[in-house]
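Have a look at the structure below before the remarks.
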Amino acid sequence: MKLLGPLVCLLFVPILYSAQGCAPEKWIAGSTAAREDALERPNILFVITDDMRYDETRRIEGFEALAARGTSFQNAYVTNSVCCPSRTTALTGQYSHNHRVTSNVGSGGGYPAYLRHRVGSSTVATWLQRTGYRPALFGKFLNGYGKRRPPRGFHAYQPAGGGNKDTLLGKRPASFVENNHERGPLFIALWLKS
C-alpha cells in the first residue's frame, strides 16, 4: 500500500507500550469493575506522522508489534495533506473549510486560526474527556502553539523536539500510561514529524 501525505493510523488497543514495560496485568490490575471497564472502553493510541512514507514505519521500534495487537486501518486517506489543516481535521472530524484552519501560516493557518475559530472547544479530546477518558498529546500539535501547557481537552502534553528529537518522546508517553492506566481509559495522541 502506498500513501501520499501524512500517514494517519488510529489504533484501538487494550494494551499500550508493552515494549516499554507496561505488561497486560499492569493495565487491568485493580478491581473487577476496573477490569471490565478497561475491556469495554479500550485505550486508544492515535498516531500521526508527517513527511513519512508508509514503509518507513518499520524504522519505529515496536510499531509493527503494537499495530498487530490493535486495529489499524489499511486504507487511510487525508482530505488535506497540509500539516495544520490535516491535524485539525483529525481532531474535529471536519473538513478544512468547516473548521477554517486552511494552512500552516497566515490568516487561515496554524494555532492562531485554530484559536480564532474556537476549534478547541469541540475535539475528539474534549469528547473523550467528557466520557471519562484521560487524553494526552505527545509530539507536534499545531504550528504557532509554542506553549508547554496541554491544549484544551488534553490532561498532558509534551511538545515534539522535531526531527530526530521525536525519538525522545517514547519515555513520556510510557510514563503517562504507567501513572494513569488505573484512572480510566486512555487516549494518547502520538503526533510525530519524521
Flag if SER175 is open to solvent by 40 Å² or more (accessible area, probe 1.4 Å) and under 27 Å from ILE60 (Cβ atoms): yes
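For every residue, the table says whether it meets (1) part of a helix (DSSP H, G or I); (2) surrounded by fewer than 16 Cβ atoms within 10 Å (Cβ to Cβ).
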{"residue": "ILE48", "(1), (2)": "no, no"}
{"residue": "GLU61", "(1), (2)": "no, yes"}
{"residue": "PHE73", "(1), (2)": "no, yes"}
{"residue": "ASN98", "(1), (2)": "yes, yes"}
{"residue": "VAL101", "(1), (2)": "no, no"}
{"residue": "ALA113", "(1), (2)": "yes, no"}
{"residue": "PHE138", "(1), (2)": "no, no"}
{"residue": "ASN143", "(1), (2)": "no, no"}
So GLY106, is it within 15 Å of the chain's Cα centre (by Cα) and surrounded by fewer than 19 Cβ atoms within 10 Å (Cβ to Cβ): no
Pair list, Cβ < 7 Å and 6+ apart or interchain, from the stretch 63-80 residues that are farther than 21 Å from TYR95 by Cα and without any contact (Cβ under 8 Å) to a residue 40 or more places away in the chain to residues that are among the charged types (D, E, K, R) and open to solvent by 100 Å² or more (accessible area, probe 1.4 Å): GLU64/ARG58
Yes/no for GLY108 being at pLDDT 50 or above and not polar (S, T, N, Q): yes
Residue pairs meeting the criteria (Cβ under 8 Å; at least 6 apart or on separate chains; first within 18 Å of ASP50 (Cα to Cα), in the stretch 122-149; second of a type in the set (Ser, Thr, Tyr) and in a strand (DSSP E or B)): LEU137/TYR157; PHE138/TYR157; PHE141/TYR157
The listed residue being within 22 Å of THR57 (Cβ to Cβ), open to solvent by less than 70 Å² (accessible area, probe 1.4 Å) and within 13 Å of the chain's Cα centre (by Cα), out of LEU128, LEU190: LEU190
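The values are calculated or read from the model by the stated rules, or taken from the named source; none is laboratory data. Everything numeric in this text was worked out from a predicted model, so none of it was measured. Glycine also receives a Cβ, built like all others from the backbone with ideal geometry; neighbour counts cover every protein chain displayed. Just so you know, the surface numbers come from the protein's heavy atoms only, side chains and all, with ligands and any DNA or RNA stripped out. Shrake-Rupley method; radii C 1.70, N 1.55, O 1.52, S 1.80 Å.
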